[in-house]
Amino acid sequence: LRDKYLAAIADASDEASLENLRVQAVGKKGEISLKMRELGKMTPEERQTAGPKLNALKDEINSALSAKKEALGDAALNERLRAEWLDVTLPGRPKRVGSIHPVSQVMEEVTAIFADMGFAVAEGPQVETDWYNFDALNIPGHHPARAEMDTFYMHRAEGDNRPPHVLRTHTSPVQIRSMQDQGAPIRVIAPGRVYRADYDQTHTPMFHQIEGLAIDRDISMANLKWVLEEFFTAYFGTKVKTRFRASHFPFTEPSAEVDIQCSWEGGTLKVGEGDGWLEVLGSGMVHPKVLEAAKVDPAEWQGFAFGMGIDRIAMLKYGIPDLRAFFDSDLRWLRHYGFAA
Ligand code: PHE
């Protein structure tokens with residue numbers, strides 16, 4: 001009996017078969033337990049020799065069982081350690097973090113600079129009525145500016161009585177909306193998306209503008225020039241010369257296009273140096289008819305407005321030659337310019 005169980009215990013390959021052996025040998029109805037029960041039928045003399053022997057056997061089997069159990073447990077643990085081995089010296093996998101798109105970054109930055117000069121932020125819809133986009137801005141139906149703007153018109157089903165809508169071609173309709181909402185005096189900027197059917201290295205069908213509007217009792221072109229020079233100096237971090245060129249917009253009188261000083265050195269555009277000029281915005285004194293359209297009395301109020309291309313000044317700041325790259329969502333490009341991790 002002893003040899004049989006000791007051999008079987010030594011051979012047991014897992015904890016389940018070991019438990020079976022324990023039940024067979026020393027469990028309640030185990031072979032050894034049954035033998036111990038028979039002790040009662042023996043004579044005292046027989047019991048005196050058989051009893052201690054059986055007890056010793058039971059102890060020996062029990063300790064063999066627990067020794068083997070421990071060994072099997074160690075083996076199982078070793079197997080787990082082998083299988084679940086982990087190389088803590090491996091370099092970590094880099095986590096790519098998202099980042100704000102350069103155009104959004106510039107939009108926030110520009111907004112913050114004008115906010116410092118007391119301009120509040122205004123907004124308007126991107127799908128705009130042709131009245132806000134054109135008529136209220138002194139661009140009547142026959143005006144050539146409508147054709148020049150490469151406007152996207154919204155389709156209208158037959159019987160649709162709503163006024164014609166367009167994708168706004170500029171942020172200027174927000175001038176009208178904010179004057180209607182707040183009246184005069186007013187000082188707002190309106191950043192946002194605008195749309196024109198145009199596509200080449202410097203034009204995308206969707207781009208960004210920031211509109212500025214300041215109306216009060218004695219605002220002049222001099223205030224406009226000061227505000228713009230303050231802005232460009234803050235934005236580019238260096239003194240930037242501006243050049244005002246007489247121009248024409250139906251909604252301003254007089255009108256000026258504003259250029260900033262720049263140079264092209266080895267293919268890189270640098271602002272604030274050299275003898276080149278780059279057009280960055282249109283501006284002027286708000287036309288009396290525009291004030292009237294927004295129910296602001298031109299006999300009492302006057303002021304300036306400007307509209308600046310955000311993508312353009314983002315290209316200038318980061319030395320980016322092709323505007324289209326902003327909208328390609330090419331991660332390699334974004335990383336190259338440091339716009340993504
Ligand atoms: N809306 C004009 C454009 O998109 C820019 C502009 C705005 C000009 C305000 C004058 C005053 O070209």
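Among the helices (runs of 4 or more DSSP H) confined to segment 287-341, the ones with at least 1 residues that are in contact with a Ser or Thr (Cβ under 9 Å, 6 or more places away or on another chain) and not β-branched (Val, Ile, Thr) are located at 310-318, 331-336.
Annotation: Gln261 fulfils all but one of (1) touching a strand residue (DSSP E or B) at 6+ places or on another chain (Cβ under 6 Å); (2) crowded, with 16+ Cβ neighbours inside 10 Å; the unmet one is (1).
Just checking, how many residues over segment 10-42 are assigned to a helix (DSSP H, G or I) and under 19 Å from Lys68 (Cβ atoms)? The number of residues fulfilling the criteria is 16.
Restricting attention to segment 194-214, the residues that are over 18 Å from Tyr153 (Cα atoms), more than 13 Å from the ligand (Cβ to nearest atom) and outside any loop (DSSP other than H, G, I, E, B) total 1. Residues considered: Asp160, Asp74, Asp130, Asp135. Of these, the only one that is acidic (Asp, Glu), more than 30 Å from Ser13 (Cα to Cα) and without any contact (Cβ under 8 Å) to a residue 24 or more places away in the chain is Asp160. Taken together, the residues in segment 264-284 that are more than 9 Å from the ligand (Cβ to nearest atom) and buried (at least 19 other Cβ atoms within 10 Å of the Cβ) amount to 2.
Taken over segment 230-256, the residue count meeting the criterion of being surrounded by 18 or more Cβ atoms within 10 Å (Cβ to Cβ) and in a strand (DSSP E or B) is 5. So in segment 163-193, with the set limited to residues that are without any contact (Cβ under 8 Å) to a residue 60 or more places away in the chain and within 11 Å of the ligand (Cβ to nearest atom), which one is nearest to Asp135 (Cα to Cα)? Once the filter is applied, the top-ranked residue is Pro173. Of the helices (runs of 4 or more DSSP H) lying entirely inside segment 91-172, those carrying at least 3 residues that are touching a Lys or Arg at 6+ places or on another chain (Cβ under 9 Å) and either under 16 Å from Val194 (Cα atoms) or aromatic (Phe, Trp, Tyr) (or both) are 130-133.
Screening Gln302, Gln261 for residues that are away from the ligand (no atom under 16 Å from the Cβ) and modelled with pLDDT of 85 or more leaves exactly one candidate, Gln261.
The values are calculated or read from the model by the stated rules, or taken from the named source; none is laboratory data. The structure displayed is predicted, hence computed values, not measured ones. For neighbour counting, all protein chains shown are included, and Cβ atoms are generated from backbone atoms with ideal geometry for every residue, glycine included.
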